[in-house]
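Have a look at the structure below, then the notes.
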Amino acid sequence: MNFERMLLFGFSGTLLALMMFISIVSVSVYAITIKIESPPGNQQVPVGELTISGTSSDNSSSQCQVYLDWNNLKPYQLATPTGSNGSADFSKWSFTYTSKYHLIQTGVNDLTSKITCLVPPAGPTVTKWYSINVTGTATSNRSSNVQLPLPTANTKTPASNTQTPASNTQTPASNTQTPSLQSGASVNTTNTSNSDKINLQINVESNPIPAGNRQKVAVTASDPQTGNTLDRVFVRLTIKDPSGNVVKDYTDTDGELAPSFRIGNDITGTYSVLASASQAGIKATKSTTFIVQ
């Protein structure tokens with residue numbers, strides 16, 4: 001009897017190990033991809049509504065869905081499948097940012113796509129992300145609506161009154177000069193969405209910074225009235241390279257973060273810094289940039 005139990009336990013253990021191995025292998029070979037195709041990253045777009053589109057590895061035999069967010073604002077929003085195989089085909093997809101979720105704002109906007117797939121036949125679930133940054137700019141069409149006054153019968157003026165002193169037509173040259181940015185100068189674009197309960201601050205230690213050096217970024221969530229750092233506040237800090245890929249992602253619940261990390265040697269350009277702080281349904285976000293030379 002004892003021998004039969006031992007044999008049964010041994011067989012059960014072997015079967016369990018085999019199932020775990022198959023599950024691990026299934027996950028490793030079930031490769032998924034997702035990409036935002038339009039608009040390209042690091043582009044200027046008008047503030048307000050924006051439609052983006054992209055592609056993924058979803059096909060007729062997979063069980064996948066695509067979601068989008070803005071500056072890590074949850075919950076994720078379900079994209080619209082536009083693939084040729086019907087209403088569940090996310091091989092191509094689109095999504096429009098509207099006031100129902102969030103509009104594009106002035107400054108840096110972090111747009112993240114996420115694909116989630118169920119590994120056949122019954123799990124687990126695998127996920128992959130792809131992000132870009134776009135810069136919202138305010139546009140105005142007022143100049144196209146300005147009408148010049150039409151000539152009237154009373155436009156004639158005696159010759160003696162048409163002379164205009166030359167001294168009144170001169171414009172000082174000093175008022176017409178427009179400063180230009182020097183090559184390699186740092187560009188710091190900041191977008192803030194603070195509440196009256198949480199004040200969020202970002203401090204980038206070096207901007208610009210040489211590739212390969214260590215960078216330090218500090219994020220603090222404080223009380224707007226007292227300036228004291230808030231306790232039990234969830235803080236998140238995300239660093240993205242010029243292509244929108246996440247290179248660093250930090251979280252904490254003490255109201256502040258100050259990580260130090262080394263910049264890679266192979267990617268230069270404008271890096272994005274995205275920070276958020278939330279507590280009891282109240283959320284504040286802030287973003288800025290630094291240049292790697």
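Coordinate-derived values only; no laboratory data. From a predicted model like this one, the values you see are computed outputs, not experimental measurements. Heads up, the Cβs are rebuilt from the backbone with ideal geometry, glycines too, and the neighbour counts pull from every protein chain shown.
Placing a label point 7 Å from the Cα of residue 51 along the Cα-to-Cβ direction, the residues of the stretch 97-133 whose backbone N falls under 12 Å of that point are 97.
Calculated FRET efficiency, residue 228 to residue 32, Cβ-Cβ distance, R0 = 35 Å: about 0.20 to the nearest 0.05.
Here the spin labels are modelled as points 7 Å beyond Cα on the Cα-Cβ line, and at residue 118 and residue 82 they lie 2.7 nm apart. Ordering 49-61, 256-268 by mean Cβ neighbour count within 10 Å, with the highest value first, yields 49-61, 256-268.
Taken along its principal axes, the alpha carbon cloud of the stretch 73-114 reaches lengths of 37, 17, 15 Å, longest axis first.
Hey, which of these cross-link pairs are over 29 Å Cα-Cα: 35/197; 128/197; 100/216; 35/100; 92/216; 35/286?
Numbers: 35/197 36 Å; 128/197 34 Å; 100/216 36 Å; 35/100 24 Å; 92/216 39 Å; 35/286 25 Å.
Distance filter (> 29 Å) returns 35/197; 128/197; 100/216; 92/216.
Tell me, rounded to the nearest percent, the portion of alpha carbon pairs in the stretch 217-293 spaced more than 22 Å apart. Distances greater than 22 Å cover 28 percent of the Cα pairs.
Annotation: extensible slack from residue 99 through residue 129 equals 8.4 nm (criterion: 0.36 nm per residue apart, minus Cα-Cα distance).
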